[in-house]
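Before I ask anything, let me first share the structure, which is written out below as C-alpha cells.
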Amino acid sequence: MQFLKNYNEIEDVFCKVLTPNDDSGRHGVLIPVFAYRLFPDFNNFDPFSATNYEEDIVTHWEENNGWSVKRSKWKHYHRYPERRMTSLSPELLNNKQPGSLIVVGKYKGAYEYECHVVAPNDPRYTRIGEFFKLSYTDGLLSGSSIVPISYLLGTSQTEEVIDELMEKVQAINKMQYVPTMKSGDTGIGFTFETLLGKEPNSSKEPDYKGIEIKTSRSAQVKAKRKASTGKQTLFALIPSWDIAKDRRGLVEGFGYYDEIRERQALYVSIKVVPNSYQWKLVIDEATSKVLVCQGDLPVVSYSIDDLRSALENKHKESIFVTAHKKVIDGVEHFHYDSVVHCKEVLFTEFLAMISEGLIVLDFAIHSKDGKVRDHGFLWRLENKKYIYRLFKYVQELM
C-alpha cells in the first residue's frame, strides 16, 4: 500500500490513533516511548534535571490545498515525563474526527517527517489499520505501531512463527477468564504457558520458537487500562567478580548485617544515582564496562559486550501479554486481553536508559551458617512502561 508521497526516501513509519488531547499547538501529539528513536537527541540532556528540552524538526503535511512544510518541535517535558511533536498542522489536527490516525514516515538521514492524518471515513482507514495491525472495534481503530517501510510496500517476509503464536493467543483470549493454575505471583505466566501447551522452564533461551513471552496482571480492563507500572526483569547475568572475588566475597565484604533474619545480606537496587548504601552504576566507556561501585570503589563489573549478548539473546523478539485479573470464589482468574509484539532490540537504548536511571541492577544475596545463596543478579526496568523503548519495531497485536 503506497499512499506515502516519497516512500523511497522513508525508512520507518509510525502510526497511532489520535486522542482528543492531540493538537497542532502547545499540546502537540504525544509520542509513545518506542518511537523516541525516530527523533533527535536533546543537547546536554539531563534526565534528573527539572528542565524541559526541545529540538527543531521539519514536518510535511498533506493538506487540502497541497503539501505544507512546518518548522516543528520535538519536546521533552520533565514533569510527566513525556515527549511530543508540536507546531504542527492546525487544519488537520485541530478539527480531526474521533478515531483519526496520524501516520508519520521518517526520511532517511534527516529529522524530517512526512505526515498524514487519516479519518475513519477515508477509504484507506481500515487498510492502514491492517498494515499496522491496530485493533478495530465498532468502526474505529485503537493502538499504535512502528514498522519498517517494507511492511507498507509489501516486500517484508511472512512472519510465520508470530502468526502461529498469535493464533494460539487469540484462542486463549476467547476463553475469557481462566482460573490460575498456580498460586502466587508466578501463576499468571505458568497459566499462560500451560494454555499454550508449553512446559515451564528456567532456561535463558526465549520461550516460544525464538520469541520471549512476558506476562503481567492488570486490575483494569483493557479499555480503561493505562501504561503498566512496576519493575520488569529483562535478564539475569552474573558479573565479573573483580575485587569481590566471588559471591561470598561480595556479600560478606560489602553487604550489611540483617538483624531480623540474623544473616549477612545484600538486597539492593542499584542505578546511576547512589542508593542509601552508596551503591551506583557507572558506564565506563574507556574500558567498555558497566562498573558496579560502592561509593567510588568499583566492586564488580559487566562488560558491555556481555550485556549486549544477554539482552539480544533473551529479547531478539518478544511479546508482552497483559491480562485483566479478578477473583472469583476466592480464586484468581485471568483474561489475557492485550499483546504487544516487539522486534530488533536496541542496545543503545539500554545504555541510554541506564544513564537515565530507568534500568537498575538488583542484588539479592545473603550468607548464613556458612552458606551463600542468591536469587540471581537481575537487570530490570525501574518502570515497565518503558519496555517498548528497547525495541526498533513495536506492534500492538491485540
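Search the range 167-178 for residues that are under 13 Å from Thr322 (Cα atoms) and pair each with any residue that is among the acidic types (Asp, Glu) when their beta-carbon atoms are under 9 Å apart and the residues are at least 6 apart or on different chains.
Qualifying pairs under 9 Å: Asn173/Asp337.
Every residue, every condition in (1) surrounded by fewer than 21 Cβ atoms within 10 Å (Cβ to Cβ); (2) of a type in the set (S, T, N, Q); (3) farther than 21 Å from Val33 by Cα, yes or no:
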position: Ala310; (1), (2), (3): yes, no, yes
position: Asn313; (1), (2), (3): yes, yes, yes
position: Lys316; (1), (2), (3): yes, no, no
position: Thr322; (1), (2), (3): no, yes, no
position: Ile328; (1), (2), (3): yes, no, yes
position: Ser338; (1), (2), (3): no, yes, no
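Suppose we keep only residues that are small (Gly, Ala, Ser) and over 11 Å from Leu390 (Cα atoms) within the range 319-356. Which one would you say is modelled with the lowest pLDDT?
Residue satisfying both the conditions and the ranking: Ser338.
Right, something else. Do we have any residue at all in the range 371-387 that's more than 30 Å from Ile260 (Cα to Cα), touching a residue at least 12 places away in the same chain (Cβ under 8 Å) and of a type in the set (D, E, K, R)?
Checked the range 371-387: at least one residue is more than 30 Å from Ile260 (Cα to Cα), touching a residue at least 12 places away in the same chain (Cβ under 8 Å) and of a type in the set (D, E, K, R).
Related question: Could you grab me the full set of residues in the range 263-280 that are more than 13 Å from Phe363 (Cβ to Cβ) and open to solvent by 90 Å² or more (accessible area, probe 1.4 Å)?
Ser276, Gln278
What are the residue pairs meeting all of these: first residue in the range 264-287, first residue farther than 20 Å from Leu351 by Cα, second residue polar (S, T, N, Q) and open to solvent by 50 Å² or more (accessible area, probe 1.4 Å), Cβ atoms under 7 Å, and 6 or more apart or on different chains?
These pairs meet every condition: Gln278/Gln294.
Here's another thing I want to ask about it. Looking at the range 197-250 only, could you name the residues that are of a type in the set (Gly, Ala, Ser) and either within 21 Å of the chain's Cα centre (by Cα) or modelled with pLDDT under 85 (or both)?
Correct list: Ser202, Ser203, Gly210, Ser216, Ser218, Ala219, Ala223, Ala227, Ser228, Gly230, Ala236.
Among residues belonging to the range 179-196 that are touching a residue at least 24 places away in the same chain (Cβ under 8 Å) and within 22 Å of the chain's Cα centre (by Cα), point out the one that is nearest to Ile328 (Cα to Cα).
Looking at residues that are touching a residue at least 24 places away in the same chain (Cβ under 8 Å) and within 22 Å of the chain's Cα centre (by Cα), I get Ile188.
Now for a separate question. Is there any pair linking a residue in the range 144-155 that is within 19 Å of Pro32 (Cα to Cα) to one that is modelled with pLDDT of 70 or more and of a type in the set (Gly, Ala, Ser), with Cβ under 7 Å and at least six apart or on different chains, and which?
Close Cβ pairs (under 7 Å, with a partner that is modelled with pLDDT of 70 or more and of a type in the set (Gly, Ala, Ser)) amount to Ile146/Ala35.
Here is a follow-up. Kindly provide the set of residues from the range 249-262 that are out of contact with any helix residue (DSSP H, G or I) (no Cβ under 7 Å at 6 or more places or on another chain) and either surrounded by fewer than 18 Cβ atoms within 10 Å (Cβ to Cβ) or in a helix (DSSP H, G or I) (or both), ordered by number.
If the condition is that a residue be out of contact with any helix residue (DSSP H, G or I) (no Cβ under 7 Å at 6 or more places or on another chain) and either surrounded by fewer than 18 Cβ atoms within 10 Å (Cβ to Cβ) or in a helix (DSSP H, G or I) (or both), then Gly249, Val251, Glu252, Tyr256, Tyr257, Asp258, Glu259, Ile260, Arg261, Glu262 are the ones that fit.
How many of the residues in the range 293-306 are out of contact with any Phe, Trp or Tyr (no Cβ under 7 Å at 6 or more places or on another chain), in contact (Cβ under 8 Å) with a residue 60 or more places away in the chain and open to solvent by less than 60 Å² (accessible area, probe 1.4 Å)?
So the answer is 3.
Tell me, yes or no, whether the range 32-54 has at least one residue that is in a strand (DSSP E or B), in contact with a helix residue (DSSP H, G or I) (Cβ under 9 Å, 6 or more places away or on another chain) and closer than 30 Å to Leu351 by Cα.
No - not one qualifying residue is present in the range 32-54.
Moving to a separate point now. In the range 32-51, which residue that is free of Cβ contacts under 8 Å to residues at least 40 places away in the same chain and charged (D, E, K, R) is least open to solvent (accessible area, probe 1.4 Å)?
Only one residue fits best here, namely Asp46.
Do you know which residues across the range 1-31 are of a type in the set (A, V, I, L, M) and either surrounded by fewer than 15 Cβ atoms within 10 Å (Cβ to Cβ) or assigned to a loop (DSSP other than H, G, I, E, B) (or both)?
Met1, Leu4, Leu18, Ile31
Can you pull out the residues in the range 307-341 that are touching a residue at least 12 places away in the same chain (Cβ under 8 Å) and aliphatic (A, V, I, L, M)?
Residues satisfying the conditions are Leu307, Ala310, Leu311, Ile319, Val321, Ala323, Ile328, Val331, Val339, Val340.
The values are calculated or read from the model by the stated rules, or taken from the named source; none is laboratory data. On a predicted model such as this, the values are computed, not experimentally measured, just so you know. Neighbour counts are summed over all protein chains in view; Cβ atoms, including those assigned to glycine, are modelled from backbone coordinates with ideal geometry. For accessibility, only protein heavy atoms count, side chains too; no ligands or nucleic acids. Shrake-Rupley method; radii C 1.70, N 1.55, O 1.52, S 1.80 Å.
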